[in-house]
């Protein structure tokens, strides 16, 4: 999706009773999970693209379970700057997520380096690292799906994930070599 004055948004107005709080928290978590932009107390926005439909439906269902409601409205900024501002805020949220992802890629890389340095070439450790890489892959897939405007760090994240994949492949080879020498 590119920035233009025809960019469409969905604005969600969420009303859920304060008690029990678990219902409000569940709706909040779902909206955060899909990458919705908080505009203020109970008001959220997402780009009007198909990738957000399932998460919005889940948020509505969660609100209804808690005796609440979600009103969903189509929106576009009155001025081009309004849409650009929403896009900027949304992309800034995605950039924060990519930054956190990159930090976790760095932790993964450091963990692999530590295991190689300590010569910890066990199947149990390999399985643990495979699970860590799979978590990074899922996270990357989810971030990429909601980063509809293309945050600046997305390309670097793609490269870092490939690097992590290559590091695990190298570590896997070293584990199998060590196990076959026994």
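The values are calculated or read from the model by the stated rules, or taken from the named source; none is laboratory data. Please read all numbers here as calculations on a predicted model, not as lab measurements. Here the Cβ is made from the backbone with ideal geometry for all residues, glycine too, and neighbour counts use every protein chain on show.
Quick grid of which residues meet (1) in the same structural domain as residue 139 (by TED's automatic domain parsing); (2) within 27 Å of residue 133 (Cα to Cα); (3) not in a loop (DSSP other than H, G, I, E, B):
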{"site": "19", "(1), (2), (3)": "no, no, no"}
{"site": "29", "(1), (2), (3)": "no, yes, yes"}
{"site": "45", "(1), (2), (3)": "no, no, yes"}
{"site": "62", "(1), (2), (3)": "no, no, yes"}
{"site": "103", "(1), (2), (3)": "yes, yes, yes"}
{"site": "106", "(1), (2), (3)": "yes, yes, yes"}
{"site": "112", "(1), (2), (3)": "yes, yes, yes"}
Q.
If I filter segment 161-173 for residues that are under 27 Å from residue 47 (Cα atoms), assigned to a helix (DSSP H, G or I), touching a residue at least 12 places away in the same chain (Cβ under 8 Å) and not assigned by TED's automatic domain parsing to the domain that holds residue 53, do I get at least one hit?
A. yes
Residue 93 meets each of (1) more than 30 Å from residue 132 (Cα to Cα); (2) free of Cβ contacts under 8 Å to residues at least 60 places away in the same chain with one exception, condition (1)
Within segment 101-123, of all residues that are over 18 Å from residue 165 (Cα atoms) and free of Cβ contacts under 8 Å to residues at least 24 places away in the same chain, the one surrounded by the most Cβ atoms within 10 Å (Cβ to Cβ) is 120
Does residue 173 meet the test of being out of contact with any strand residue (DSSP E or B) (no Cβ under 6 Å at 6 or more places or on another chain), modelled with pLDDT of 95 or more and surrounded by 13 or more Cβ atoms within 10 Å (Cβ to Cβ)?
no
